[in-house]
Every structure is written in C-alpha cells, then in structure tokens.
1. FRET efficiency for residue 153 and residue 61, Cβ-Cβ distance as r, R0 = 45 Å, nearest 0.05?
2. Past the 33 angstrom mark, what percentage of all C-alpha to C-alpha distances in the chain do you count?
3. Please tell me the relative contact order of the chain in percent, rounded to the nearest whole number, where contacts are Cα pairs under 8 Å and at least six residues apart.
4. Given the Cα-Cα distance of residue 318 and residue 74 and 0.36 nm per residue of separation, how much length would full extension add, in nm?
5. Can you figure out the FRET efficiency of residue 233 with residue 51, using R₀ = 25 Å and their beta-carbon distance, to the nearest 0.05?
6. Would you compute, from DSSP H runs of 4+ residues alone, the mean residue ellipticity of the chain at 222 nm, taking -39500 (n - 2.57) per run and dividing by the full residue count, rounded to the nearest 500?
7. Suppose each label sits 7 Å from its Cα in the direction of the beta carbon; what would the residue 221-residue 10 distance come out to in nanometres?
8. Which number comes out as Rg/Rh for segment 123-226 once both Rg and the Kirkwood Rh are worked out on C-alpha atoms?
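Coordinate-derived values only; no laboratory data. Predicted, not measured: the structure shown is a model, and the values here were computed from it. When we count neighbours, we look across all protein chains shown, and the Cβ atoms used for this are built from the backbone with ideal geometry, even at glycine.
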Ligand SMILES: Cc1cc2nc3c(=O)[nH]c(=O)nc-3n(C[C@H](O)[C@H](O)[C@H](O)COP(=O)(O)O)c2cc1C
C-alpha cells in the first residue's frame, strides 16, 4: 500500500505505533518498524536525554528501518529539558517525531533543520489546522475512542476523520480505536492516509510489558474503559480496575473541588508498576475502547500484515462488489 504517509516516512505499510509511556522502548519500536510500519520510542519514559540517546542507539541495533520518537509536551507544571531531548533525537539520526500535548511550535526549528518529519497528534480539527499552520508535516487525528488523552471535545472518529479531511491540506492518519483490517480500510475511505495504534500494539508478542497487561487487554471488552480527570480538564481513557473505581468515587465526592493531589497516588508514577511488574490494580493506565476488538497476541509482523492484507481484501472484495 502506498500513501502520502508511507512516502513521507519511507515505510512499507501505512501503520504507525503511537508513543506509549513505559511501552515505547526500543524493543517495541524496532518490532513495528521491522514489520514495515513506523515504530516509535517514547522520549519521556527515558529519565534523561542521555538515556534517550542510548535507547535510540539500541533501536538502531535492532532495526535498519526508519523509526520515530514521541515527544509529549506535558501540561504546564512539568518541564522536562525538551531542547536536550531534541538534541538527542537529532544526533541519533532519527527522521520522524510524533509530538503530542501542547503545541510543538517553539520546538520545531531544530527538528526542521535536521530534516525530521513531524507528525503532531491532536484531538480536534482546530488543533490539527494549527499544526498545519505552524509547519507540521502531518497530523495524527485522535478520536474520542482513543486510549490516553482524548481531549475535551468528545468527537469520535466517524465524525472527526471526515471533518479533518474537509479542512486539512497535509496528510493525516486515523488514531484511536483502530485495531483491525476493516478499520484500516474505513480510515482510508474517510480521508486518512494511514492509521496510528496504541492499545492494539501492547497486545503483541514483542511489546516489552508484563504478560498480565497483555492478558488484561485481551480479556477486556469495549465497555471496560473509563474516563478520569474530566474535572481537571486532563481527561484520560483508562482500563477499569480497583484503583480506577476509587478515582471515580473520589471524583464524584469532590465534584468541582477536585484537585490532582486528591488522586495523585492512583495516577502518578504507576506505569512502571503496571507495565513492568504486572500489578494490574495499582493505578490508572491508558487503554482504548479498541480492547473490544483485541482477541489475541500476535507478533507485530503478523498484526501489521493481517491488517494491510485484510484491508486490501476488503477494498478489492467487499467494497468493489457493490459497484
Ligand atoms: C498505555 C498507553 C500509554 C500512552 N502514552 C502516551 C504518551 O506518553 N504520549 C502520547 O503522546 N500518547 C500516549 N498514548 C496514546 C497513544 O500514542 C495513541 O495515540 C493512542 O493509544 C491511540 O488510541 P488507541 O489506544 O485506541 O489505539 C498512550 C496510549 C496508551 C494505551
């Protein structure tokens, strides 16, 4: 399959693995890139820019295909040394960066100078247009179904993608809720030039997370995610568990008075315990509604090939048969 996204990132298949905290290590990124997609290392999972440089070097040892790095610009209070992380990306010879969170505008010049293609992930048409205006090369349009932070507009992809297609001139991929071949075909029909997946890639053989995490994803269905932190305007879609039930109860009790400190021990610093130790009830972790469509744990190569070949079959077979 050849699209504007495969051309831009010099990849075989229009499938990107979104940045994921404590999942996006070199093993994950290399497996997706070796499968012909675009694997992505998550910069801020690395404690320092020097650690990111080492992770990029490790990934180069595992694949000779292109891979990217995710740079998440966190809400105001946190301020990692982004300039130094970008220096590590540039020096590491990485040619694709997925930005997310706040606007990447201030950080674009050194990346553009290094010839890096920047794909900004956003949850609304207006933010996508801003990304286009400030010089991003592509957008990852992240619908309300997504795992992680769906924003505050609550627009699902059946509306968001065709709206993005109406407005955007730069290419975009469909992100959020994607996990199978027919959804890839649907995303292309709705104007996207590919897909970005998070949750689906966690339930793969190579994902460097505890088996409990993969099993929980396979066991869950589409009703098993919850939205937390709405009151803080930092909404996150997570898998329901004992900690999430506690968070929801605290949020209901505190109402408009909710502060991040009220739930901090249930949302802060829990990722290593979930992803590496497999402690499934310790806190809230991002998961998308696509869990309802995830029934197995394939290799990344099996998954990507199944999606691309299946999408092709759907387009040539079922869809063409209507004409
Ligand atoms: C466990 C997990 C951690 C994530 N961490 C990040 C992150 O650190 N930065 C980021 O930009 N997106 C993050 N995301 C969002 C993904 O990159 C992607 O946009 C999202 O998962 C797409 O929705 P899907 O899960 O329905 O495929 C995370 C998602 C998951 C499931």
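1. 0.65
2. Tail fraction, whole percent: 19.
3. 17 percent
4. Extending this stretch completely gives an extra 83.5 nm.
5. 0.20
6. Values: 14 runs with 125 residues, N = 323.
After summing the helix terms and dividing by residue count, I get -11000 deg cm²/dmol.
7. 4.6 nm
8. 1.00
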